[in-house]
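Shown next, in structure tokens, is the structure this report addresses.
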Amino acid sequence: MSDFVVTNARIVLEHEVVHGSLAVAGGKIAAISEGGSALPGTVDLDGDWLLPGLVELHTDNLERCFEPRPKVRWPADAAVLAHDGQLAQAGVTTVCDAICVGIYGEKRERLELMEQSLQAIEHAKGRGALACDHLLHLRLEVADPNVVALAAPLVDEPSLRMISFMDHTPGQRQWHDIEKYRQFQMGRNGTSPAELEAQMAERLALQAQYAERHKQELLELFAHRKLVKASHDDTTVEHVEEAARDGFTVSEFPTTLAAAQAARQHGMINVMGGPNLVLGGSQSGNVGAAELVEEGLLDCFSSDYVPTSLLTAAFLMHHRLERTLTEAVATVTATPARVLGLADRGRIAVGLRADLVQAREVGSAVRAMAVWKEGRRIA
């Protein structure tokens, strides 16, 4: 950690933006003031924005680094370092690595990927090689025959902070538009129509056999852990009501306005993907993030599969959807930190961790020019 001062910054505080200076001491924010600073060693941000370090609830980026192309497996240590570096460069200082547990019969391979991910993260932590704080988010595919067995070895993992319950069966939730599902699968995997129809029939049978039973078994399995529980791709009011009854506090990627409205009524946090806003809509034909913002229903963004989408989504929310910058920035900082119970970060305030991002707008995108975690520059 090093002590330093930044000046000539537009500092995004919790409820206002001030043009001024910020001092860091002992890894924490020591002072915030309006106006400039002439202290020796002061870093001039040249009028750039100064934001809290971004907090990520759900990113699939680690798996993408493990498999940069279909059927190409990257070495575990290199994949974790690439993932960590990409997040830091995007302004993320705390990340929940979202790892799939079960996905339609990929048994040992998925377990090996989980084991390799956790081992490589711990190895990199031990070597002091990680820029970001890494927490674990398990994505539990309830219709998979093996999900409970795959999840059991991870139930007491110390870094585990969040679990989400998923069901990607065609014809419901994310894929309630069955034609969108067909287009996605055939374009992605080159599956023939006959093969796809057989696969869909098999997955419908697996859901009927396992989904509800596995959900209850998984709730029991994790009952002794104090974890954030999220539902995934809620489509109907009934989906949300069921999640609320089971103690879920987050609705990840609701697919309809009705589901997002129900989640808000039940006091749940609505999370939408940054790419949804950046691209102007959902690739699956579901409700757009912009519509949720306009209805006052969006609480939080996740980068999902594009780390840089967090910063860009926040600024698009400010400029395109005319929300205050403090409100927009909170969707990628204060709100996800609060969801995770991390009271020491997510805001710029004296006494909190000096997790900071110097951000510069470049056209419709935003670049993290410099990133600090606990006062140490990481990107």
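A few notes on this one:
- Eligible aspartates and glutamates near K373 by straight Cα distance, threshold 15 Å, same-chain separation 8 or greater: D3, E56, D84, D133, D344, D355
- Per-residue SASA remark: C65, around 20 Å² accessible (1.4 Å probe; ligands, DNA and RNA not included).
- Derived scalar couplings ³J(HN,Hα) [the stretch 298-304; Karplus, 6.51 cos²θ - 1.76 cosθ + 1.60; whole Hz; x for Gly, Pro]: 8, 9, 7, 9, 10, 6, 6
- Scanning residues 5 or more positions from G273 or on other chains, those with amide H under 5 Å from its amide H are S302, with H placed 1.01 Å from N in the peptide plane.
- Ratio of Rg to Rh for the chain: 0.98 [Cα atoms; Kirkwood radius as inverse mean 1/r over pairs].
- With all protein chains in place and a 1.4 Å probe, the accessible surface of the chain carries 50 percent carbon and sulfur.
- MRE, 222 nm, helices only [DSSP H, n ≥ 4, -39500 (n - 2.57), over the chain, to nearest 500]: -11000 deg cm²/dmol
- Of the listed residues W49, W74, the order by accessible area with a 1.4 Å probe, largest first, is W74, W49.
- Averaged over its residues, the chain has an accessible area of 42 Å² per residue, based on protein heavy atoms and a 1.4 Å probe.
The values are calculated or read from the model by the stated rules, or taken from the named source; none is laboratory data. Fair warning: this is a prediction, and the values are worked out from it, not measured in the lab. Just so you know, the surface numbers come from the protein's heavy atoms only, side chains and all, with ligands and any DNA or RNA stripped out. Shrake-Rupley method; radii C 1.70, N 1.55, O 1.52, S 1.80 Å.
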